[in-house]
Amino acid sequence: NRLNIKRKKLYVIRGIGRWQIIWRFLFTFLNDVWQLIIAPKNEIIVYSFDSNVSLRLLNAINKVLKKRIIMFRHGSMEMLLASPSGKGIFYRFENKLTRNFFLNPNLKISKKIHFFVLGDVILNNLSCLLAEDKMKHFHSIDHPYDFDKTASIKNKENNKLLNIGTVGVLNEYKGVKELVELAKTVKERKKVLV
């Protein structure tokens, strides 16, 4: 029920330069903590993005405040598998934050924090990586969508162009190799746009 949702626009520092990223990390950290502190206790706080820089402090503060929090976890959960070697300093920083939080056997997650991933496959894959006490905080939902109900769908003929789309960043973990193999297999019979 969208009528029960209060939305807040938050300022985000843009840019991909080193200083913009540093300021974005700092601003995100402060903003995440501030939103937790000022949110009314009877509301559910939803962090719709990976909040790696503030995750540990949010968890510690919420053990005292006991507010209901939902955090959506996206691409950063791949960092539990990926090695940071050969990556940039910011990736290595986020990788360390993610691994030190979720793989730390001594860290207890606040009872009121729940993490959502977008799909049962991701949830199943995480169960092979995370301890049971961490997994009880994880849940899965289908990727949300909001289609225009008045949009018309045109039937395509079999000999027309095949378009394939993905949600998020496409990489090895999400099947880029399989997609390339599919394109090679179908290439003789169809035009494939990847």
Would you be able to say whether some residue in the range 64-87 is open to solvent by 40 Å² or more (accessible area, probe 1.4 Å), more than 21 Å from S127 (Cβ to Cβ) and either in contact (Cβ under 8 Å) with a residue 60 or more places away in the chain or in contact with a Leu (Cβ under 9 Å, 6 or more places away or on another chain) (or both)?
-> yes
Six or more apart or on different chains, Cβ under 6 Å: which pairs go from a residue in the range 166-183 that's over 14 Å from L81 (Cβ atoms) to one that's at pLDDT below 75 and open to solvent by 80 Å² or more (accessible area, probe 1.4 Å)? Could you list them?
-> A183/V194
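Rundown of residues vs (1) modelled with pLDDT under 95; (2) in contact with a strand residue (DSSP E or B) (Cβ under 6 Å, 6 or more places away or on another chain), yes/no style:
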site	(1), (2)
K8	yes, no
S51	yes, no
L55	no, no
R68	no, yes
H74	yes, no
S83	yes, no
T98	yes, no
Return the total of residues in the range 115-135 being free of Cβ contacts under 8 Å to residues at least 12 places away in the same chain and under 18 Å from N100 (Cα atoms).
-> 4
Read through the list (1) open to solvent by 70 Å² or more (accessible area, probe 1.4 Å); (2) in contact with a helix residue (DSSP H, G or I) (Cβ under 7 Å, 6 or more places away or on another chain), then give the number of the only condition that C128 fails.
-> (2)
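Residues in the range 24-36: is at least one part of a loop (DSSP other than H, G, I, E, B), among the charged types (D, E, K, R) and within 17 Å of the chain's Cα centre (by Cα)?
So in the range 24-36, the residues part of a loop (DSSP other than H, G, I, E, B) come out as none.
Looking for residues that are part of a loop (DSSP other than H, G, I, E, B), among the charged types (D, E, K, R) and within 17 Å of the chain's Cα centre (by Cα), one finds none in the range 24-36, hence no.
I'm trying to understand the selection: among the residues of the range 172-194, which are at pLDDT below 70 and over 18 Å from V121 (Cα atoms)?
Just the residues of the range 172-194 that are at pLDDT below 70, to begin with: 173, 188-194.
Correct list: E188, R189, K190, K191, V192, L193, V194.
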From the option list F116, F102, single residue qualifying as in contact with a Ser or Thr (Cβ under 9 Å, 6 or more places away or on another chain) and within 19 Å of F138 (Cβ to Cβ) is F116
I141 fails exactly one of (1) out of contact with any strand residue (DSSP E or B) (no Cβ under 7 Å at 6 or more places or on another chain); (2) at pLDDT 70 or above; (3) surrounded by 11 or more Cβ atoms within 10 Å (Cβ to Cβ), namely (1)
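Just checking, which of K41, K63 is outside any helix (DSSP H, G or I) and more than 19 Å from the chain's Cα centre (by Cα)? Let's see the steps before the verdict.
Values: K63 fails: outside any helix (DSSP H, G or I).
Within the list K41, K63, the selection yields K41.
The values are calculated or read from the model by the stated rules, or taken from the named source; none is laboratory data. Worth saying up front: this structure is predicted, and the values here are computed from it rather than measured. Heads up, the Cβs are rebuilt from the backbone with ideal geometry, glycines too, and the neighbour counts pull from every protein chain shown. Protein only, heavy atoms only, side chains kept; ligands, DNA and RNA dropped before computing areas. Shrake-Rupley method; radii C 1.70, N 1.55, O 1.52, S 1.80 Å.
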